[in-house]
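Asks: I have a structure I would like to understand better, so I am pasting it below and will then ask my questions one at a time.
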Amino acid sequence: MATKPPNIVLIMADQLAPQFTGTYGHPLVQTPAMSELANRGTRFDAAYCNSPLCAPSRFSFMSGQLVTRIAAYDNACEFPATIPTFAHYLRAMGYRTCLSGKMHFVGPDQLHGFDERITTDIYPSDFAWTPNWEEPDERIDKWYHNMDSVREAGSAVGTFQIDYDEEVAFFAKRKLLTYARDDTAPFCMVASFIHPHDPYVALPRFWNLYDDADIDMPKNVLSRDQQDPFSQRLMDGIEASTVAVTEQEVRNARRAYYANTSYFDSKVGEIVQSLEDNGQLDNTIVIVTADHGDMLGERGLWYKMNHFEHSARVPMIMAGPGIANSTVDNACSLVDILPTVLDIAASTGQDKPVLGQPIDGRSLLPAARGETDPVSEAIGEYCAEMTAHPVFMIRRGPWKYIHCEADPAQLYNLDTDPNELHNLADDPAHADTAQAFKAEAEARWDTAQLREDVIATQHQRRAVHAAMQSGVLPHWDYTPPRDATQEYVRNHMDWTEAAARTRFPPNGGAARS
């Protein structure tokens, strides 16, 4: 009989750039829980999202497929129920699967393979946020980013994001205890938080971890006329080119972001502590990552929606049984999570299920075990707001190539130019490299056909959304089922049996130190 495979706990932040964590070397930002995991596990130093926007990135993360393969173009694209996810595959391998927190599923399927969701989502699940590539310069003020998040940054004792993440952590920890009480099968839990995503508003106790005088300001800030054309459109879209912010407002935004990063880190610590308290830590692989980063004023840009390092890179830390204490320099990405967790699930001899669709990722488990990874590659795709054409990224070895038919190409050597200040695409000394990447991009993506597909889905979704505003308003937003008649102590149950059933460790069992 095969040994019970490891449990898997995936902890996801929203909009967390690794550059702004102590774990990845920032001298100020306090992330002790992430650092503790990195100190006993593997830190991936060139991990990327596959699309620098929430929903597309998460759909790639769940499916192991690039966004253009599954038509996950923007924050209002449906994630079809027919696309297999790692939750489906792990379920087929005998795992119990649970989602606590945000995954930004759009459409009527709000589970996508999870046995259960124990919280609602924080964002709407309908088609309201559909962009319009036929009017790419149009702002949709109801939901689109602007500079208010920077101008209003600060501290508060409550926000909708704090409310949400407190709920996510509470129910995640309660579910881990439920799994400990019924330790009959391995589990995979995804605990997905909204912080440090803007608005940049932090709890006072985390805000007070930092002093104004210590906050480092953005480096290499570019004016609009110094930006590449796509970055100019992004500046216009978030109103950074028309709405001035003061130095103090920028400082406040960065201080609140650092504070919210420490807040997220505290939730990582709470979940790890729960695993330890429950006796689960020694047989659980913990993976910490994010859906994308945040420019946070670098280059004069804010939020995400581009392929520069602060927007496109994500933290990726893995710790647990069999994981080496190391760092990995190879480029990798969120599509690699699916094959990685399947390898973890199969690590004690279980058969893996037949894949329902081809996947675009590779397993990172060998690298996490200290073996050599022959591949160093990450692919990024952006098909959402403030553009009318797809924008692609190929990161391979030291090179990053950014390709869009409507804009000049960009080529950076990240070994020699980590701040991406010197575009080598037109440098005669690098002409062969630039031409090879250009040819690869043109062969990999049919941009004209893809653009037609994006616009067609936008027409479909806008028509459906407009129609659904009439008559009875339907909701796909997830409401977790709960039957309070079966909770705690009720008249149809013996309270002594309830006490014995819920006590952990059981009476007579060893207490957790």
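Asks: If I filter the stretch 383-395 for residues that are exposed (fewer than 15 other Cβ atoms within 10 Å of the Cβ), within 25 Å of the chain's Cα centre (by Cα) and touching a residue at least 24 places away in the same chain (Cβ under 8 Å), do I get at least one hit?
Replies: Looking through the stretch 383-395, none of the residues is exposed (fewer than 15 other Cβ atoms within 10 Å of the Cβ), within 25 Å of the chain's Cα centre (by Cα) and touching a residue at least 24 places away in the same chain (Cβ under 8 Å).
Asks: Based on what the data block shows, is F59 modelled with pLDDT of 95 or more, outside any loop (DSSP other than H, G, I, E, B) and over 19 Å from Y164 (Cα atoms)?
Replies: yes
Asks: Which one of these is polar (S, T, N, Q) and farther than 29 Å from H307 by Cα: N146, N208?
Replies: Residue meeting the stated conditions: N208.
Asks: For the stretch 62-77, give me each residue that is part of a helix (DSSP H, G or I) and of a type in the set (A, V, I, L, M).
Replies: Answer for the stretch 62-77, where residues must be part of a helix (DSSP H, G or I) and of a type in the set (A, V, I, L, M): M62, V67, I70.
Asks: Further question on the same structure: Go through the stretch 260-328 and tell me which strands (runs of 3 or more DSSP E), entirely inside it, have 3 or more residues that are β-branched (V, I, T), in contact with a strand residue (DSSP E or B) (Cβ under 9 Å, 6 or more places away or on another chain) and at pLDDT 95 or above.
Replies: The strands (runs of 3 or more DSSP E) meeting that bar are 284-290.
Asks: Looking at A169, A153 in this structure, which one is surrounded by 19 or more Cβ atoms within 10 Å (Cβ to Cβ), under 23 Å from Y210 (Cβ atoms), in contact (Cβ under 8 Å) with a residue 40 or more places away in the chain and touching a Gly at 6+ places or on another chain (Cβ under 9 Å)?
Replies: After ruling out the rest, the residue left standing is A169.
Asks: For the stretch 352-371, give me the residue count where each residue is surrounded by fewer than 19 Cβ atoms within 10 Å (Cβ to Cβ), of a type in the set (D, E, K, R) and free of Cβ contacts under 8 Å to residues at least 60 places away in the same chain.
Replies: So the answer is 2.
Asks: More than 35 Å from the chain's Cα centre (by Cα) and charged (D, E, K, R): does that describe E442?
Replies: no
Asks: Related question: Give the stretch 82-128 a look and list any residue that's crowded, with 22+ Cβ neighbours inside 10 Å and basic (K, R), or say none.
Replies: K102, R117
Asks: Report the residue count in the stretch 385-426 for those that are within 26 Å of Q458 (Cβ to Cβ) and charged (D, E, K, R).
Replies: Qualifying residue count for the region: 3.
Asks: Let me ask something else about it. For the stretch 219-257, which positions are in contact with a strand residue (DSSP E or B) (Cβ under 8 Å, 6 or more places away or on another chain) and hydroxyl-bearing (S, T, Y)?
Replies: Y257
Asks: To continue, here is another question. Can you pull out every residue in the stretch 375-429 that is farther than 21 Å from S51 by Cβ and small (G, A, S)?
Replies: G397, A425, A429
Asks: Another question, if that's okay. Answer with yes or no whether I337 is among the aliphatic types (A, V, I, L, M) and in a helix (DSSP H, G or I).
Replies: Judged against the criteria, I337 is a match.
Asks: Follow-up question, since we're still on this one. With (1) farther than 30 Å from E166 by Cβ; (2) surrounded by 16 or more Cβ atoms within 10 Å (Cβ to Cβ) as the list, and M295 as the residue in question, which single condition is left unmet?
Replies: (1)
Asks: Which residues, counting only those in the stretch 209-250, are in contact with a Gly (Cβ under 6 Å, 6 or more places away or on another chain) and part of a helix (DSSP H, G or I)?
Replies: Across the stretch 209-250, the qualifying residue is only V250.
Asks: Here is a further query. Where in the stretch 78-181 are there helices (runs of 4 or more DSSP H), lying fully within it, with 2 or more residues that are of a type in the set (A, V, I, L, M, F, W, C) and more than 29 Å from V454 (Cβ to Cβ)?
Replies: Where helices (runs of 4 or more DSSP H) fall fully within the stretch 78-181 and carry at least 2 residues being of a type in the set (A, V, I, L, M, F, W, C) and more than 29 Å from V454 (Cβ to Cβ), they are 86-92, 160-181.
Asks: Here are D329, D417: which of them is acidic (D, E) and out of contact with any Asp or Glu (no Cβ under 9 Å at 6 or more places or on another chain)?
Replies: Sole residue among the options that is acidic (D, E) and out of contact with any Asp or Glu (no Cβ under 9 Å at 6 or more places or on another chain): D417.
The values are calculated or read from the model by the stated rules, or taken from the named source; none is laboratory data. What you see is a predicted model; the values in this text were computed from it and never measured. Virtual Cβ from ideal backbone geometry, glycine too; neighbours counted across all protein chains shown.
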